[in-house]
Amino acid sequence: INGLYSAGIINEKSRDSALMVPYNQGAGNGGGSTETSIITMSGNYVWLLDYIKTSCTGEYAIDNGSLSNKINSYSNGLFGNAWVSDGPHRNWINDRNLTLYDYLSGNYSLVIQARDADKEDGDPIYTDTHNLIYGARDILKDQFTEFLYDELSFMGYDDNTQEALDYAKDQLNSLIDRTANTGLKLGEYNKESSSQDKNSTEAPNYLGFVHTTIEGNVKGKNVGCAVNLSNLAQAFLTYFADYMNGVSKLTASGQQVFDVSAGNVATSIGNSHLAKNNALFQYTVPTGKSITTEDAYQAQFWDTLFNQICQNGWTEDSNVDDKEYLQEVLQSGKLFLSRVKDDGYYYQVNYSTDSYIKEVADETLIAQAEAKYNTEKSRLNSKEETLDLKMKNIETEISSLTTEYDTVKNTISKNIEKSFKRYDA
């Protein structure tokens, strides 16, 4: 849109009106009409965090019916404790509620500790840990994913963004399922790891469930599992951005622009390319202000044209500024017109039969031609009248000369005749 303005194709008012309307990547591709009542504003991830901090008032409690208490209730005695922590997993948070901003900007994890058990160094994590993970999996999907979905629902201001939210929710639940079923053994309890607290070093850096070892009173360690809630929140936003950006879109080097992979979230180590690390992606949120239907249709025209160029390429014909040439190529079929149908797609239409296109006389040009004709006709008539007058004068003059000639001739003839008679006498 800014490029069209810079090139002088649209004016400043049209530019500003179009930029107020959210870009519709489905326009002309079955995406339906552009929303006609929403004005949006956009910015990168840092901008979005500021917006969430000031605009999202919803809170997610971590006590009194919190995530941890729900899991403790679900455990049925399978483990001794569950808690939300920041940084090292022993740092319990029980004095305040955590907002969406907290989860997205911090490093909060849910830690689940199994019942104390008399385990020797080298023994594998016992089966209860898997039961803990399955219980936590269901509660995370039912509670935390829904919390993210509800808190970020302001981003679903049209069909496309709503689909992106639904996609993010489904994909995050699928990720939770996968990591719960595979049980990433990143901090498994064994001789090599028994002297380390995996919760405070490795688990916060991973996306998905991890088996952990937790400092305790029995044999120096207890076993359990952990999942980084902040990483899950980042994954949700990444899935959203991935859908809005185009899931199959690659970088110049052939990598996914956005990619959520279970495991280490550091892009230098793992394969995850989270949205928070992409400063170019623009998040768009509604402002609550309205736009006119005309502005929306104007924006949809440019969105459709842009989408078609992205899919099909473009060509340039400088002669289209010539009206007669444009009419000729449309009539001949060299260029064709397309029009949107009820299904949201654009289809080719026939120039000669389309009911919205009519060839009509240009009354202005006709009037100009007629005026010119009448002027020329009057000028010619005036000349003709002048010529007729001259012709009449000439004819009168000729008639006078003829009469004079005949008179002189007759006089001469009579004089000759009289002379001959005189001499005859």
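Read-outs throughout are calculated quantities, based only on the coordinates presented, and are distinct from any laboratory measurement. Just so it is clear, the model here is predicted, and its values are computed rather than measured. Virtual Cβ from ideal backbone geometry, glycine too; neighbours counted across all protein chains shown.
Extending 7 Å from Cα along the Cβ direction at Lys358 and again at Arg339 yields two label points whose distance is 1.4 nm. For region 285-387, the convex hull drawn through the C-alpha positions has a volume of 213 cubic angstrom per residue. Sorting 331-344, 147-160 by their mean Cβ neighbour count within 10 Å, with the most densely packed peptide first, gives 147-160, 331-344. The fraction of Cα-Cα pairs per 5 angstrom bin, counted from 0 for region 350-425, comes to 4, 11, 8, 8, 7, 7, 6, 6, 6, 6, 5, 5, 4, 4, 3, 3, 2, 2, 2, 1, 1, 0 percent, rounded to whole percents.
Per residue, how big is the convex hull around the C-alpha atoms of region 237-328? Give it to me in cubic angstrom, could you? Intermediate results must be reported in sequence, preceding the final value.
Details: hull volume 14.9 nm³, N = 92.
Taking the convex hull of the Cα positions in region 237-328, it is 162 Å³ per residue.
Run the numbers for Ser174 and Lys383: contour at 0.36 nm per residue of separation, minus the present Cα-Cα distance, in nm.
On the way: separation 209, 0.36 × 209 = 75.24 nm, distance 9.41 nm.
Full extension of this stretch gives 65.8 nm more.
Rounded to 0.05, the FRET efficiency of the Ala279 and Ser248 pair, given R0 = 22 Å and the Cβ-Cβ distance, is 0.55.
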